[in-house]
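Reviewing the structure listed below.
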Amino acid sequence: MFEQLDWYLMLVVLVGSAVTLVNRLAGHYILARFEPIPYRVEAALEAVPVAVMTTLVVPAAINGAFPEWVALAVAFVLGLRLHFLIAVLGGITVLLLMRQAGL
Amino acid sequence: MSIAPAPSERAEFMEGVRDSAPFVLSVFPFGLVVGALAIKSGGGAVEAMLQSVLFFAGASQIVMWELYGLSSPLWVIALAVFAVNFRLVLYSAAIGRKLEPLPKRKMVGALFLLQDLSLAVGLRRADEVGRLSWGYHMGLASVLYVVWLAATAVGIGFGSLITDPKAIGLDMLVPIYFMLLVMNFRTKPNAAAICGTSAVMCALVYYALGSPYHIAAGGIAGMALAAMLAKPTVSDAEAADV
């Protein structure tokens, strides 16, 4: 676990954190100075979480089979009404049960 | 101008700490996943911990490990992290205004600790009390930061114990987590259409070109649709009249 540091990976982490810090500072120090933001730009920016995070779910649905689809569906239905954590646990529990059963 | 002195920074800090309590439970599991995923993706404990210390932005940390695991080039990883964290630009613009005026050093510290939960709670506080103090924001955000680091550390420990990620469902934990995060935005304008457009474009590119281009393609398609469907806000309409 504590073997030789991977310098390329350290670089990846440093570049990623620099980019993240730029995001955190740019809003207040740059964007807030250019108001009003064009409404189409604002809508596009607001769509970022949904548009980007969706792409992290799609490959799992494509590569998955029946147990993975059911797990996603169960988590989806639970997530409509119940707490986030219950939905996660529910989906994973169903997944593990189906894998155990060899489905 | 109020004549009464502002509540002391210390008292404000403690109020922020108190108000962080309900969110500790939602931060912890996310940190666990990040720590475990880091080890599973071939990261070391030091790099994984450093990432949580410097990023403090879970979704982008997961994306970084996914792409690193796929041996994506550095610029693709940087672009993906930037895209996933772009919402922080909007958060920063929104909360900076409430925190002003502040010395630059304090403002940078406050913005470094800014994430989804501290934005939501901070804006609510500003609504209720009429102001958002630096002390309150720091009290709230520091607790979440410490919990985040602790959860990452535990996740790293777990990650090195896990030999078969599939046996505990770790391979599906991340997609389920993100699906539920997306669902949190379902009341936003056009959320379903944006999600659907992103998903279709993502699937097409995933088949045609493969990973990691599906992330950018889906993201851009969803953003383009949002821009096309957007309607001018009231203030824009007024500005246009003048």
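Which of the residues belonging to the stretch B:46-81 are modelled with pLDDT of 90 or more, within 7 Å of chain A (Cβ to nearest Cβ) and either open to solvent by less than 10 Å² (accessible area, probe 1.4 Å) or within 16 Å of A:Val22 (Cα to Cα) (or both)?
B:Glu47, B:Gln51, B:Leu54, B:Phe55, B:Ala57, B:Ser60, B:Met64, B:Ile77, B:Ala78, B:Val81
Quick test for you: out of A:Val15, A:Val22, A:Val52, pick the one residue that is out of contact with any Cys (no Cβ under 7 Å at 6 or more places or on another chain), free of Cβ contacts under 8 Å to residues at least 12 places away in the same chain, β-branched (Val, Ile, Thr) and more than 7 Å from every other protein chain (Cβ to nearest Cβ).
The match here is A:Val22.
Please verify whether the stretch B:155-169 includes one or more residues that are assigned by TED's automatic domain parsing to the domain that holds B:Val53, under 15 Å from B:Leu37 (Cβ atoms), surrounded by fewer than 20 Cβ atoms within 10 Å (Cβ to Cβ) and of a type in the set (Phe, Trp, Tyr).
yes
Checking B:Val154 against (1) free of Cβ contacts under 8 Å to residues at least 60 places away in the same chain; (2) more than 10 Å from every other protein chain (Cβ to nearest Cβ), which single condition isn't satisfied?
Failing condition for B:Val154: (1).
If I filter the stretch A:56-76 down to residues being assigned to a loop (DSSP other than H, G, I, E, B) and at pLDDT 90 or above, which single residue comes out as nearest to B:Phe86 (Cα to Cα)?
A:Val57
Step by step: first the residues of the stretch A:81-99, then only those that are under 18 Å from the mean Cα position of the chain (by Cα) and open to solvent by less than 90 Å² (accessible area, probe 1.4 Å), then the one that is modelled with the highest pLDDT. Which residue is that?
A:Gly91
Go through (1) within 7 Å of chain A (Cβ to nearest Cβ); (2) in a helix (DSSP H, G or I); (3) farther than 17 Å from A:Gly64 by Cβ and name the single condition B:Ile176 misses.
It is condition (3) that B:Ile176 fails.
Select from the stretch B:44-76 the residues that are of a type in the set (Val, Ile, Thr) and over 14 Å from A:Leu14 (Cβ atoms) and list them in ascending order.
Matches in the stretch B:44-76: B:Ile62, B:Val63, B:Val76.
Could you check B:Met228 against (1) over 24 Å from the mean Cα position of the chain (by Cα); (2) facing chain A (nearest Cβ under 7 Å) and say which number it fails?
Failed condition: (2).
Taking the stretch B:99-117 as the region of interest, how many residues are modelled with pLDDT of 90 or more and either in contact with a helix residue (DSSP H, G or I) (Cβ under 7 Å, 6 or more places away or on another chain) or surrounded by 15 or more Cβ atoms within 10 Å (Cβ to Cβ) (or both)?
Residues meeting the conditions: 12.
Out of all the residues in the stretch A:26-49, which are facing chain B (nearest Cβ under 7 Å) and in a loop (DSSP other than H, G, I, E, B)?
Correct list: A:Pro36, A:Ala47.
Kindly list the number of the only condition in (1) touching a His at 6+ places or on another chain (Cβ under 6 Å); (2) at the interface with another protein chain (Cβ under 8 Å from one of its Cβ atoms) that fails for B:Val205.
Answer for B:Val205: the failing condition is (2).
I'd like the full set of residues that are more than 7 Å from chain B (Cβ to nearest Cβ) and within 14 Å of B:Met183 (Cβ to Cβ), limited to the stretch A:55-103.
A:Ala73, A:Val74, A:Val77, A:Leu78, A:Leu80, A:Arg81, A:Leu82, A:His83, A:Ile86, A:Gly90
If a residue has to be farther than 25 Å from A:Ala60 by Cα and open to solvent by less than 30 Å² (accessible area, probe 1.4 Å) to count, how many in the stretch B:195-237 make the cut?
Total meeting the criteria: 2.
The values are calculated or read from the model by the stated rules, or taken from the named source; none is laboratory data. Fair warning: this is a prediction, and the values are worked out from it, not measured in the lab. Cβ coordinates were reconstructed from backbone atoms using ideal geometry, including for glycine residues, and neighbour counts include every protein chain displayed. The area values use the complete protein model at the heavy-atom level, side chains included, leaving out ligands, DNA and RNA. Shrake-Rupley method; radii C 1.70, N 1.55, O 1.52, S 1.80 Å.
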